[in-house]
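For reference, the structure is listed below as structure tokens.
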Amino acid sequence: MHRAHPYDALTPDVILDAVETCGPRCTGSLLALNSYENRVYRVDIEEMGPLVAKFYRPHRWSEAAIREEHQFAALLAEQEIPVVAPTAYGGDTLHRHAGFLFALFPWQPGRAPELNHAADRELLGRYLGRLHRAGSAGRFHHRPQLTIEEFGTHSVTFLIGSPFIPPELHEPFRAVAEMLLAGISRAFETAGSVRSLRLHGDCHLGNVLWNERRGPFLVDLDDCLMGPAMQDLWMLLSGSREEREQQLADVLRGYTEFMDFDARELVLIEALRGLRLLRYNAWIGNRWDDPAFPRAFPWFDSRRFWEDQILTLRQQVAELDEPSLAWSR
């Protein structure tokens, strides 16, 4: 039996009414966009183009944390770094309606990038270098800090105590997760005291829109946080070791035009990947009361899935023992 979830109250009428409290007049047409953490909609507006309405997941972020996200986006936009920042209505970017906190964004056309060409990777690297240069000029006070404990240890503790992993797989999962956390800790110790910056935080290709005329736009700063620069770089790399080294060289060629890169962070690539593996599974489990998650991830509590996850984590332990990617200026 379905239990009530806060998003059950976010009906089309509530969405349109919320938008109109800010001033725009809706045509009545809206389209749900691809987002699980929040609810995000394209809303058609009379006498102007569409806009995007983002309704924040209740009880996830404090109002102060969301305002820091908006302030960071505004700072980047002011410096002509291509992000999609929320639009102010009535002098504010954060609004409340029917118990929901929401923001309105301009509609930014674009396609998913492929980054098949060195020039495209270099261009994106330039923008990330500029983003990090701006991010290095201050700190977040209400946003998270990327730590092994928060992203790794807490995730493992939650998963071990959850009903999702079959009982007979608890110990194999616990053993490999502990090995992975130990390898991640060694990588961070090897890197040493690398600088912590204000970051995008979730810079995968799904959060980059490529406009044919204007190039890349960075979207969705919902996970912005304090952490090492590599957190915004490693998810852009894929393929064989040689391919990833070439992609990294291309990105850093643009990046270092605007921001120094500490080569000690190369050792963090596989450590950050390991943290993401753990964090991602804990994220799904923590959201299971939201009906959208069982529909989207019906395999999450299956034996086959967790057997595959244990194998994936073992492979990640082995990756941590491999030499770091090489980079030369």
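Please go through the stretch 300-329 and pick out each residue that is closer than 15 Å to Leu159 by Cα and not in a helix (DSSP H, G or I). The answer is Phe300, Asp301, Ser302. Listed here are the strands (runs of 3 or more DSSP E) enclosed by the stretch 1-59 that have at least 2 residues being under 24 Å from the mean Cα position of the chain (by Cα) and surrounded by 14 or more Cβ atoms within 10 Å (Cβ to Cβ): 39-45, 51-55. Take Gly138 and decide whether it is under 17 Å from Leu199 (Cα atoms), surrounded by 14 or more Cβ atoms within 10 Å (Cβ to Cβ) and small (Gly, Ala, Ser). Against the criterion (under 17 Å from Leu199 (Cα atoms), surrounded by 14 or more Cβ atoms within 10 Å (Cβ to Cβ) and small (Gly, Ala, Ser)), Gly138 does not qualify. Kindly check whether there is at least one residue in the stretch 183-198 that is under 23 Å from Gly254 (Cβ atoms) and surrounded by 20 or more Cβ atoms within 10 Å (Cβ to Cβ). Looking through the stretch 183-198, at least one residue is under 23 Å from Gly254 (Cβ atoms) and surrounded by 20 or more Cβ atoms within 10 Å (Cβ to Cβ).
Look at the stretch 107-128: where a residue is part of a loop (DSSP other than H, G, I, E, B) and a partner is at pLDDT below 95 and exposed (fewer than 12 other Cβ atoms within 10 Å of the Cβ), sitting 6+ places away or on another chain with Cβ atoms under 8 Å, you get Trp107/Gly49.
For the stretch 205-249, name all the residues that are at pLDDT 90 or above and in a loop (DSSP other than H, G, I, E, B). Passing the criteria: Val219, Asp220, Leu221, Asp222, Asp223, Cys224, Pro228, Leu233, Leu237, Ser238, Gly239, Ser240. The single condition among (1) of a type outside the set (Lys, Arg); (2) surrounded by 15 or more Cβ atoms within 10 Å (Cβ to Cβ); (3) touching a helix residue (DSSP H, G or I) at 6+ places or on another chain (Cβ under 9 Å) that Ala112 does not satisfy is (2). Part of a loop (DSSP other than H, G, I, E, B) and in contact with a helix residue (DSSP H, G or I) (Cβ under 9 Å, 6 or more places away or on another chain): does that describe Phe293? Criteria not met by Phe293. Filtering the stretch 161-175 to residues that are touching a residue at least 40 places away in the same chain (Cβ under 8 Å) and within 17 Å of Gly285 (Cβ to Cβ) leaves Ser162, Pro163, Phe164, Ile165, Pro166, Leu169, Phe173. State whether one or more residues within the stretch 263-274 are in a loop (DSSP other than H, G, I, E, B) and either over 21 Å from the mean Cα position of the chain (by Cα) or crowded, with 21+ Cβ neighbours inside 10 Å (or both). No, the stretch 263-274 contains no residue that is in a loop (DSSP other than H, G, I, E, B) and either over 21 Å from the mean Cα position of the chain (by Cα) or crowded, with 21+ Cβ neighbours inside 10 Å (or both).
When Ala64, Ala85 are checked against the criterion of being in a loop (DSSP other than H, G, I, E, B) and of a type in the set (Gly, Ala, Ser), Ala85 stands alone in meeting it.
Taking His200 as the residue in question, decide whether it is at negative phi and either among the charged types (D, E, K, R) or at pLDDT below 95 (or both). In short, no. Scanning the stretch 129-143 for residues that are in a loop (DSSP other than H, G, I, E, B) and out of contact with any helix residue (DSSP H, G or I) (no Cβ under 6 Å at 6 or more places or on another chain), which turns out nearest to Cys203 (Cα to Cα)? That would be Ser136.
The values are calculated or read from the model by the stated rules, or taken from the named source; none is laboratory data. Here the structure is a predicted model, which is why all the values come from computation and not from measurement. Glycine also receives a Cβ, built like all others from the backbone with ideal geometry; neighbour counts cover every protein chain displayed.
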